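Derivation of every value follows stated rules applied to the coordinates shown; laboratory data play no part. Small disclaimer: the values here were computed from a predicted structure and weren't measured. When we count neighbours, we look across all protein chains shown, and the Cβ atoms used for this are built from the backbone with ideal geometry, even at glycine.
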Amino acid sequence: MPKPKFDCEAFLRSAFRQPLDAVAGFLMKLEIDPDSVTLFGLAGTIAAACLVASGRLLAGGAVMAVMAPLDAVDGALARKKGVAGKFGAFLDSVVDRYDEMFLLAGVLYHFQSQANTLGVMLTYAALCGSVLVSYTRARAEGLGFSGKTGIFSRIERTIVLILGLLVNQLLVSVGIIAILANVTAFQRIFFVRKQAKQE
């Protein structure tokens, strides 16, 4: 089986393991459930999407910068409480997809309200690429292959989008995501094809 490439998400989780564990320990003392953290993150992302849709890009980026790390905190909390299970992992993955779709919907609305046709088209392409990156991996793993490869996974897309919001370069960020997310989807297609040929 081909060897997966560098995993940015795994690297960041490892690099920030101590602060994540500290936050998880604090939440554990408050008797907060990991799934509640996941859903709170979703609510925060929806709030950020509404801010972006209304043209308050800096505020939306700031909210996303705070909410994004919760994606790792819920998992750390589940491990500390000894309740890590399949449903929690499933819910986290589904919420990740909703997070991205809500935020890109806010971006799409913003560009549409500005009559920015290029922005609208790039955001649509970014959304398609993001969905396909997720789908290709899920479908590959459902068939018994590895689909975890590619240059632009969700964590990279999130970082690029947040930076674009914070420095008011949203069109550039969306353009980068539109190109590299779709490149990643094709990388996963060829990755699975290579595995299939080796069977």
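Is region 58-149 rounded, prolate or oblate when judged by the Cα gyration tensor, a ≥ b ≥ c being the square roots of its eigenvalues, rounded requiring a/c under 1.5 and prolate requiring a/b larger than b/c? It comes out oblate by the Cα gyration axes. Using the Cβ of ASP92 as centre and a radius below 11 Å, the other residues enclosed give a net charge of -3, where K and R count +1 and D and E count -1. With a cut-off of 11 Å between beta carbons, the residues surrounding LEU132 carry a summed charge of +3, where Lys and Arg count +1 and Asp and Glu -1. Based on alpha carbons, the Rg and Dmax found for region 102-199 are 14.9, 51 Å.
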